[in-house]
Amino acid sequence: EKTVDKSTEKSDSKKLYVSFYPIEYMAKEITKDKIDVVNVMPKGATVHDWEPTAQDIKNLSDSKMLIVNGLGLEGWLEDVKSSLKNTEIVDSSANIDKIKAEEEHEHDHDHEEKEHDHDHEHHHHGEFDPHIWMSPKQARIQMKNVYEAIEKFDSENKDFYEKNYKELDKKFEDLDKKYTEVLAPQKDKYFIVPHEAFGYLAR
């Protein structure tokens, strides 16, 4: 009789769910192949308008943990929280030096006011700017929160995760130094971007 190795099967309770790509990247770099990291948002979807399906909610409700960005980025979360009573929701924005959303708009130009107001209304998430992963300094804090959640999710492999986390943190520390070296001598303190996602980096 053929035997099935149950240890290789991954139930939803063994899947670590994350809300979008930057957190998926951090989690996968820390866990490598030890955990099945599942991004609840499908490829091609945008974080600004994606909504979970009934099947997505069912999968999340059967899982042990969901790591989110927080700061209002996941607009869908409040509506589904009541269905996730057995799922621990980890907010990876803990301990972030937050930027109030209105601070980004203090220096806007009047001649684009109408267009800008429409864009701001469409992309506004909450009281604070949620784009924390765009700054290496803040990404390192977010990454530590993700790492601590993973340690809690699977404490048996904590030494393995710690090693990978430290390597990833070093990469972001080096990236932060590179930004400083390249940008510090620049006299012009303006840069043009297609979306208001660079507030933390600019600061």
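So which residues in region 82-94 are open to solvent by less than 40 Å² (accessible area, probe 1.4 Å) and under 10 Å from the mean Cα position of the chain (by Cα)?
Once the filter is applied, which keeps residues that are open to solvent by less than 40 Å² (accessible area, probe 1.4 Å) and under 10 Å from the mean Cα position of the chain (by Cα), region 82-94 yields Ser92, Ser93.
Tell me, please, whether a residue that is assigned to a helix (DSSP H, G or I), open to solvent by 30 Å² or more (accessible area, probe 1.4 Å) and closer than 23 Å to Lys152 by Cα can be found in region 62-81.
Within region 62-81, one or more residues are assigned to a helix (DSSP H, G or I), open to solvent by 30 Å² or more (accessible area, probe 1.4 Å) and closer than 23 Å to Lys152 by Cα.
Mind counting the residues in region 154-178 that are in contact with a Ser or Thr (Cβ under 9 Å, 6 or more places away or on another chain) and assigned to a helix (DSSP H, G or I)?
5
Taking region 26-76, which residues are of a type in the set (A, V, I, L, M, F, W, C) and more than 16 Å from the chain's Cα centre (by Cα)?
Ile35, Ala54, Ile57, Leu60
Given Leu168, Leu183, Leu175, which one is over 30 Å from Lys34 (Cβ atoms) and either surrounded by 11 or more Cβ atoms within 10 Å (Cβ to Cβ) or among the acidic types (Asp, Glu) (or both)?
Every option except Leu183 fails the conditions.
What are the residues in region 1-26 that are surrounded by 11 or more Cβ atoms within 10 Å (Cβ to Cβ) and either in a helix (DSSP H, G or I) or modelled with pLDDT under 65 (or both), if any?
Scanning region 1-26 gives Lys10, Asp12, Ser13, Lys14, Tyr21, Pro22, Ile23, Glu24, Tyr25, Met26.
The values are calculated or read from the model by the stated rules, or taken from the named source; none is laboratory data. Just so we're clear, the structure is a prediction, and the values are computed from it rather than from any experiment. Glycine gets a Cβ as well: all are built from the backbone with ideal geometry, and neighbour counts include every protein chain shown. Please note that ligands, DNA and RNA were not included when accessible areas were found on the heavy atoms of the full protein model with its side chains. Shrake-Rupley method; radii C 1.70, N 1.55, O 1.52, S 1.80 Å.
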